[in-house]
Structures are given as C-alpha cells and as structure tokens.
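S.K.: The structure follows.
The values are calculated or read from the model by the stated rules, or taken from the named source; none is laboratory data. Keep in mind that what you see is a predicted model, and the values were worked out from it rather than measured. A quick note on method: Cβ atoms are made from the backbone with ideal geometry, for glycine too, and the neighbour counts reach across all protein chains shown. The protein model used for the area step is the full one, side chains on, heavy atoms only, and it has no ligands, DNA or RNA in it. Shrake-Rupley method; radii C 1.70, N 1.55, O 1.52, S 1.80 Å.
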Amino acid sequence: NVGDFDVAIGICRGKSCGGECGGCAAGVPGSSVVVNSDECGAESYKIVSHELGHAFGLYHIKSVEGINGCWDKEGWACIGPNAKDCKLTAEIKSKDIMGYCPALEVFDPAAYDYLKEQILNKKLGGCK
C-alpha cells in the first residue's frame, strides 16, 4: 500500500528530470528520481547516493569552482541538517556526496551524523 511509506524513490534509465543529466529530487526530504547516466562527470551509483541524500533530508553543500573538478551551481545549499559541512575546507568539500563534484566519495560529519541518528537509528531502528 503506497500510503504506508514516507518516501518513494524511482531509479530511471536514460534521462528524466526535464532532460537534465545527473538526477533530481522532488523536495527535500521527499521522493527522488535518479538518472542512470555516466555523462555527468560522476558514476551513476554516486549520483544515486547524492539523490538518496536529498530523499532523506540532506541539502547541497557549496562546492568551490575548480577544486578537484567541482562546479558551484548548487541551489539550496548550506541549509538543513548538513549545513555545518559547508564550513569545511574546499578540499574536504570536494569529496562530499552532497556537493557538485565528480568525486562524491563521503558524507561529511554533519550529514553522516544526521543520517546515522535521525534516519538509521530513529526511523529505521538502527542496525541489528
């Protein structure tokens, strides 16, 4: 029953989101649609992690143009539960999953703590 869920996540092949490459989120937190495309400078599985971050309530961090291939076109940046991650160095932010950088390697501390405490532990009952 669809009414039993708080979040619906769709993973699409090709391009959706109005033809944009990458992915898009329908609200934060909210449902998320992820484009299955390697044409955006990051592998598809990394884009999935970024969009899942939005679905669980994370916003963008502000990347620094030119640092490790980053671009700084993020909207809705430096607000919400991971806003403190925007105060990290440009080098650290260039690896953050919620930035606009090709690395997309880690959730930085504020995002990680939020996902662990608010999503995994409170909403999902933690790991057993």
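S.K.: How do the pairs read when you match residues in region 47-65 that are over 12 Å from LEU104 (Cα atoms) and open to solvent by 10 Å² or more (accessible area, probe 1.4 Å) with residues anywhere that are in a helix (DSSP H, G or I) and not acidic (Asp, Glu), using Cβ under 6 Å and keeping only pairs 6 or more apart or on different chains?
M.R.: That search, which allows pairs on different chains as well, returns PHE56/ILE119; TYR59/GLY80; LYS62/CYS86; VAL64/ALA90.
S.K.: Within region 94-108, is even one residue among the charged types (D, E, K, R), open to solvent by 50 Å² or more (accessible area, probe 1.4 Å) and more than 15 Å from the chain's Cα centre (by Cα)?
M.R.: Checked against the condition, which is being among the charged types (D, E, K, R), open to solvent by 50 Å² or more (accessible area, probe 1.4 Å) and more than 15 Å from the chain's Cα centre (by Cα), region 94-108 yields no hits at all.
S.K.: For residues that are assigned to a helix (DSSP H, G or I) and either in contact (Cβ under 8 Å) with a residue 60 or more places away in the chain or touching a Pro at 6+ places or on another chain (Cβ under 7 Å) (or both), tally how many sit in region 88-110.
M.R.: So the count comes out to 1.
S.K.: Do we find that ILE119 is surrounded by 14 or more Cβ atoms within 10 Å (Cβ to Cβ) and either farther than 21 Å from ALA25 by Cβ or under 12 Å from the mean Cα position of the chain (by Cα) (or both) in this structure?
M.R.: no
A quick yes/no check of all residues on (1) assigned to a strand (DSSP E or B); (2) in contact with a His (Cβ under 9 Å, 6 or more places away or on another chain); (3) modelled with pLDDT under 85; (4) of a type in the set (Gly, Ala, Ser):
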position	(1), (2), (3), (4)
GLY3	no, no, yes, yes
ILE11	yes, no, yes, no
VAL28	no, yes, yes, no
ASP38	no, no, yes, no
LYS46	no, no, yes, no
GLY57	no, no, no, yes
SER63	no, no, no, yes
LYS73	no, no, yes, no
ASP85	no, no, no, no
